[in-house]
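Enquirer: Have a look at this one before I ask anything.
The values are calculated or read from the model by the stated rules, or taken from the named source; none is laboratory data. It should be emphasised that the depicted structure is a prediction, and the values quoted were computed from it without experimental measurement. Here the Cβ positions follow ideal geometry from the backbone for every residue, glycine too, while neighbour counts run over all protein chains shown. For the accessible areas, the whole protein counts, side chains as well, though only heavy atoms, and no ligand, DNA or RNA atoms are used. Shrake-Rupley method; radii C 1.70, N 1.55, O 1.52, S 1.80 Å.
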Amino acid sequence: MKPEQKKALIEILKKRKNILSWLVLTRKERKYNLYCVKNGVDENFLYGDKESDFLVLYREVNGMIGESTMSFPKDLTKDEMEKKIDDAEFVATLIKNPRFNPLEKYGNYPNATGYDKFFDEKDPKRYETKLDAMKNEFIDELKKHKNIRLANLEIFLKDIVSEVTTSLGGNISQRRTENMLYAILLSADKEFASTKTECRIDDLDPAGFARQMATTVLDASKSDKPKSFEGDIILSQDAILEFFCPSMHENPAVLHAFGRLKHMKISKYELGKPIADFKRDRLTITSNPLADYGLRTLKYDGDTVPAQKMVIIENGIFKNFVTTKMYADYLKIKPSGPLGNIEVASGSKSEKEIYAGVDDLSGKKSGKSYEIVSFAWFNPNPFSGEFSAEIRLGYVVENGKKTPFKGGMLTGNVFKMIENAYYSKETIKSGYYFGPKVALFKDMTVASEE
Amino acid sequence: MALKLDNKALKKVQDLFSALINMMEERAESADILLIDHKESSINRDNDNIDFSEGIDFGIKLRAFDGEKYIETHTTEFDEQKLTLLAKTLVKDIPVKNKKKNKTIKQSVKKFSEKCKINPAKITLQEKIKLTNDVVAKVKNFSDKITAARVLYEENAERRIYASNSKFYSQDLMKSTLVMIAYVKTADGETRYSYDSAVRNGFEIKKEVDKMIKKVGKDALSMLSAKKIKPGKYTAILSPDLSGLLAHESFGHGMESDTAFNDRAKSVGFIGKKIAPSYVSIIDYPKISTKHGTYFFDDEGNLAKKTYLVRSGVVKDFLTEDFSANMMKIKKSGNARCESFDHKSYARMSNTYFEKGKESSKKMIASVKDGIYLIHASGGMEDPKSWGVQLQGVFGQRIKDGKLVDEYYTDIGVTGYLLTILSNIRKVSKEFEIEGGGSCGKGHKEWVPVSSGGPFLLIDEVELS
């Protein structure tokens, strides 16, 4: 939206007496993507800008609060803007919810850094050069490993700037960068795919990513199907990220903390009560939008509520809801601000002890475990926590030796898993996950036809 | 939509795009333009709350091929000056070779549109809100064991325009989608849910409501007693929804030409070979009417057509996008799709399904002594390199002595080796439906709408866990 259009829009909105409150949201996205096919041959270079603008308005309707959210096209004339706002007001008379206070004035907004300063660069050529350099770094590392071919490499760089102006006179903005490496490697007749997404370009570390993937795909090429197994499962690498930060929706342990689900009487959580019957390490999960350079480092949420670091679950006890302003008002609690980077507290065991199967409860070491480094797709039922996930690569860990396997299904329930878990003291940061490097879950089942 | 384009305005767009393409082709080997004008509105209603949002996604993609690779850029501004500058910048670094001037070709101009029975634009918002209110109330009233309900009503109207030096195509697509979810709580406090979805072109989707409520309510109550299945091999009957998911996840992805070109597709070694009984065929057809994955031409200007991935048991043709199709020197199927104007096009599915057979689904169930009827799933994952099958979150019902009995299973995983599963297809039903759909991703990104459906399938020895 051009500044003069925005100014004209705000002037119109201010004159509308029936509008209780409003927000004008602008989002600008700039991206540079490189796509390579097999052997690192360039297929496509994509770049460009995208802008979208929205108007959210609220009005009082017979003791209820009406709302509408609409795109606001560019280059409207004043008359067209008036008509668009008429339409939005009309919609708000129909879309009504029980009373809540949509907008409040808040204090200061935090100053966490969620973007890479590289994107201050204006010259598009610099991005093309950067992408080429990253591609070459990845491929040069691969060349050091025998029997590996590159099937696919994609590198995406993206800068997002959002701005909100509200009827309370506020005007705030935040900037995020999201950078991704996606690669598929082949070895013999097996493949391995992995994605890495980071706020800072340098954190992608193409050479390190290539090195890790190369080891994994080579192991995949030597792997057979596993035998069925009941016992300790260790999650590491991609698998632990997928467990705590699944791609389709939040981990059920976090999802049940959502205010909306509590209001719908779907969430099973009660404040101050344990979320499960913990027998080993107790889970602590914190939402942290204030950590620098996380993928979910944010200043505010869609209701302009300032971001805050907030413990969701502490030592297994449910502490705080993650909620929008509306549901916070319904639940008579403070709104939480945005769901930020997922911080999982480290546990009681070192990585070495986890692989050795040390168990305080039984006092014994389990002789054998299955380590899973990657799932085909970890997608637990969001409410029950049930899942069955195919294993893309794992290892039988026995007597200090690791034997790769591929296939089999890990079945279980997320809420049951966390009752009998050990988390490593060592932690990693990847994307929006800040947490244990590895985790061990007891009494798990891998089903296999072998 | 952002642009109101009558015939006169469309002609202006054609002229502008032709001029831009000619300019780009002074340096580029070829160039094309894709305009996407998409409007979506949705009403999301649960027990106590409702929200409405309306969004427009408008943009223009300019793409040039320099002889080796594509370069593309995009903008959300429909402004001749801006577009001209973008086009010039896009090709400025392509060296001017002794290029043969592209012959002036008369552009083929085609217009396509989907029709609906009841135009949603003529239905008031009040009526649409009433629909969602009524659905939530009826789902909740289906049984006092249903603790919560949610409904999503969504309308999508889209115009896509593709232009190259030889083509100027436009298509107007419209979809109305209805999704219903019913939640129940088991005796030990666990929340479970059932859902159903339907897609139609227009507000005629309202006619599906009663049937959907009955299904979602019945399934929700069945969820209360649903257990985890004992891992093993079972005789299974796949519902149309499940058979569509099998066709899509387990076979379709492996027939995408970009996957094949990158040496990731096991199917490459099986072209022309028999992998299933003769009564098994798998088709991708973008033009099948009124489905979630329907379109008339792809995002590279290739007209949509029916492609047999498997015909009478034999592996046949790939689903293509231009780059890999040209490299592999194979015929183009019209399956290049991008998530939006600011995304690259990939080879993607549309409406992918097993071709219907001759058997009666009732007789199929009657023929099973002990097995499982697999009803719906939350999704699946492809494994084109190894032909592994993975379908997740499957809800099933026991078949005993030829009858469906009151024994239900939830969160079933279906796995196995594709060749084994296809070889074990014993019967394909004559009953056929493609009702719902979802979004298909490529590497957990690049989402495009696809449908899910087909016939019932009876398959021996399916691995369930």
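Enquirer: Helix B:209-225 versus the longest principal axis of chain B: what angle, 0 to 90°, nearest 10, using Cα atoms?
Expert: Between helix and principal axis, roughly 50 degrees.
Enquirer: Only four residue types carry charge here, +1 at the Cβ of Lys and Arg and -1 at the Cβ of Asp and Glu. Report the dipole size of the protein assembly as shown about the Cα centre in Debye, rounded to the nearest 20. Kindly include the intermediate steps, with their values, before the conclusion.
Expert: Numbers: 147 positive and 131 negative charges, 300 e Å.
Charge dipole of the protein assembly as shown: 1440 debye, to the nearest 20.
Enquirer: A further question follows. In whole Å, how far is the Cα centre of region A:335-360 from that of region A:9-42?
Expert: If we compute the Cα centre of each part, the gap is 36 Å.
Enquirer: Accessible area per residue of region B:73-161 at 1.4 Å probe, in Å²?
Expert: Working: 5580 Å² over 89 residues.
For region B:73-161, the per-residue accessible area is 63 Å².
Enquirer: How about region A:85-115: which trypsin sites (Lys or Arg not before Pro) there are in a DSSP loop, with at most 16 other Cβ atoms within 10 Å of their Cβ?
Expert: Working: sites: A:Lys96, A:Arg99, A:Lys105; in loops: A:Arg99, A:Lys105.
Here the sparse-neighbourhood loop sites are A:Arg99, A:Lys105.
Enquirer: Let me ask you something else. How much of the accessible area of region B:317-363, probe 1.4 Å, is carbon plus sulfur, in whole percent? Before the final figure, lay out the partial values.
Expert: Values: 860 of 1780 Å².
The computed percentage sits at 48.
Enquirer: Express the relative contact order of region A:36-78 as a whole percentage, based on alpha carbon pairs under 8 Å and six or more residues apart in sequence. Could you put the intermediate results ahead of the total?
Expert: Working: 34 pairs, mean separation 12.6, N = 43.
Relative contact order here is 29 percent.
Enquirer: From Cα pairs below 8 angstrom and at least 6 apart in sequence, can you work out the relative contact order of region B:123-267, rounded to a whole percent?
Expert: Values: 186 pairs, mean separation 25.8, N = 145.
Once divided by the residue count of region B:123-267, the mean separation gives 18 percent.
Enquirer: Helix A:78-94 versus the longest principal axis of chain A: what is the Cα-based angle in degrees, 0 to 90, to the nearest 10?
Expert: 70
Enquirer: Here's a follow-up. Per residue of region A:369-376, in order, report the coupling 6.51 cos²θ - 1.76 cosθ + 1.60 (Karplus, θ = phi - 60°) as ³J(HN,Hα) in whole Hz, putting x for Gly and Pro.
Expert: Rounded to whole hertz, the list is 9, 10, 9, 10, 9, 7, 9, 5.
Enquirer: Show me the ranking of peptides B:117-123, B:284-290 by mean Cβ neighbours inside 10 Å, starting with the highest.
Expert: Numbers: B:117-123: 13.9, B:284-290: 20.6.
Ranked from most to least packed, the peptides come out as B:284-290, B:117-123.
Enquirer: What is the average number of partner chain Cβ atoms found within 10 Å of a Cβ in A:403-410?
Expert: Numbers: counts 0, 0, 0, 2, 6, 2, 9, 2.
Counting Cβ atoms of other protein chains within 10 Å of each residue's Cβ and averaging gives 3.
Enquirer: Quickly estimate the mean residue ellipticity at 222 nm for the protein assembly as shown, helices only: each DSSP H run with n ≥ 4 gives -39500 (n - 2.57), and the total goes over all residues, rounded to 500. Don't skip to the end; give the middle numbers.
Expert: Values: 19 runs with 195 residues, N = 915.
For the protein assembly as shown, the value works out to -6500 deg cm²/dmol.
Enquirer: Could you tell me how far the Cα centroid of region B:378-401 sits from the Cα centroid of region B:289-342, in Å?
Expert: Cα centroid of region B:289-342 versus Cα centroid of region B:378-401: 25 Å apart.
Enquirer: Then there's this: If you take the charge dipole of region A:69-128 about its Cα centre, with +1 on Lys and Arg Cβ and -1 on Asp and Glu Cβ, which of A:Phe72, A:Ile95, A:Pro110 is farthest toward its positive end?
Expert: Checking the options against the dipole of region A:69-128, the answer is A:Pro110.
Enquirer: Are there trypsin sites (Lys or Arg not before Pro) in region A:277-338 that DSSP puts in a loop and that have at most 14 other Cβ atoms within 10 Å, and which ones?
Expert: Values: sites: A:Lys279, A:Arg280, A:Arg282, A:Arg296, A:Lys299, A:Lys309, A:Lys319, A:Lys325, A:Lys332; in loops: A:Lys279, A:Arg280, A:Arg282, A:Arg296, A:Lys299, A:Lys309, A:Lys319, A:Lys332.
When the trypsin sites (Lys or Arg not before Pro) of region A:277-338 are filtered for loop state and at most 14 Cβ neighbours within 10 Å, A:Lys279, A:Lys332 remain.
Enquirer: Relative to the Cα centre, what is the charge dipole magnitude of region A:3-156, using +1 at the beta carbon of each Lys and Arg, -1 at the beta carbon of each Asp and Glu, and rounding to the nearest 20 debye? Intermediate values should be presented prior to the final figure.
Expert: Details: 30 positive and 28 negative charges, 62 e Å.
For region A:3-156, the charge dipole is close to 300 debye.
Enquirer: Carbon-plus-sulfur fraction of the accessible area of region B:180-256, 1.4 Å probe, in percent? Can you show the working numbers first?
Expert: On the way: 1440 of 2580 Å².
In region B:180-256, the share of accessible area belonging to carbon and sulfur is 56 percent.
Enquirer: Mind checking the full-extension length gain between A:Arg27 and A:Ala356? Use 0.36 nm per residue of separation minus the Cα-Cα distance, one decimal, nm. Write out the running numbers ahead of the final one.
Expert: Numbers: separation 329, 0.36 × 329 = 118.44 nm, distance 4.95 nm.
My answer for the length gained is 113.5 nm.
Enquirer: Taking beta carbons within 10 Å but only from partner chains, what does the mean come to for residues A:184-192?
Expert: On the way: counts 6, 0, 4, 0, 0, 5, 2, 7, 1.
The shielding value for this peptide is 3.
Enquirer: Pop out the carbon and sulfur fraction of the accessible area of region A:137-203 as a percent, whole number, probe 1.4 Å. Could the numbers behind the result be given before it?
Expert: Values: 1140 of 2570 Å².
Roughly 44 percent, rounded to a whole number.
Enquirer: Can you tell which of A:Asn341, A:Ile391, B:Leu404 lies farthest toward the positive end of the dipole of the protein assembly as shown, using +1 and -1 charges on the Cβ of basic and acidic side chains (Lys, Arg; Asp, Glu)?
Expert: Comparing the listed Cα positions along the dipole, B:Leu404 ranks first.
Enquirer: Just checking the output field for B:51-63: average partner chain Cβ neighbours within 10 Å of each residue's Cβ?
Expert: Numbers: counts 6, 9, 9, 8, 5, 7, 3, 5, 5, 1, 2, 1, 2.
Mean inter-chain Cβ contacts per residue within 10 Å come to 5.
Enquirer: Got a sec? Charge dipole of region B:176-315, +1 on Cβ for Lys and Arg, -1 for Asp and Glu; which of B:Leu224, B:Asn201, B:Val315 is way out at the positive end?
Expert: Working it through, the farthest residue towards the positive pole turns out to be B:Leu224.
Enquirer: Further question on the same structure: Am I reading the B/A interface right? What is its buried accessible area, both sides, 1.4 Å probe, to the nearest 100 Å²?
Expert: By this definition, chains B and A bury close to 6300 Å².
Enquirer: Dipole magnitude of region A:317-450 about its Cα centre, charges +1 at Lys/Arg Cβ and -1 at Asp/Glu Cβ only, in debye to the nearest 20? Walk me through the intermediate numbers first.
Expert: Working: 18 positive and 15 negative charges, 86 e Å.
Value, rounded to 20: 420 debye.
Enquirer: To continue, here is another question. Once each part is reduced to its C-alpha centroid, what is the distance from region B:235-275 to region B:52-70 in angstrom?
Expert: 29
Enquirer: Say each of A:Lys279 and B:Lys4 gets a label point 7 Å from the Cα, pointing the same way as Cα to Cβ; how far apart are those two points in nm?
Expert: 6.9
Enquirer: So what does the Cα-only Debye profile of region A:398-440 read at q = 0.27 Å⁻¹, as log10 I(q)/I(0), no solvent term?
Expert: So the normalised log intensities are -1.02.
Enquirer: Could you work out the relative contact order of chain A, using alpha carbon pairs under 8 angstrom and six or more residues apart, expressed as a whole percent? If you can, show how the numbers build up before the last one.
Expert: Working: 1090 pairs, mean separation 69.8, N = 450.
Normalised by residue count, the contact order of chain A is 16 percent.
Enquirer: Show me the ranking of peptides B:242-248, B:300-306 by mean Cβ neighbours inside 10 Å, starting with the highest. Mind dumping the intermediate values first?
Expert: On the way: B:242-248: 28.0, B:300-306: 19.1.
By packing density, highest mean first, the sequence is B:242-248, B:300-306.
Enquirer: To the nearest 0.05, what FRET efficiency results for A:Leu168 and A:Thr77 with a Förster distance of 22 Å applied to their C-beta separation? Provide the component values of the computation, followed by the final result.
Expert: Details: r = 28 Å, r/R0 = 1.25.
With R0 = 22 Å, the Cβ-Cβ based efficiency is 0.20.
Enquirer: Label region B:198-244 by shape, choosing from rounded, prolate and oblate, from the square roots a ≥ b ≥ c of the eigenvalues of the Cα gyration tensor; if a/c is under 1.5 it is rounded, and otherwise prolate applies when a/b is larger than b/c, oblate when it is not. Don't skip to the end; give the middle numbers.
Expert: On the way: a/c = 4.39, a/b = 1.77, b/c = 2.48.
It is oblate, given that a/c is not under 1.5 and a/b is not larger than b/c.
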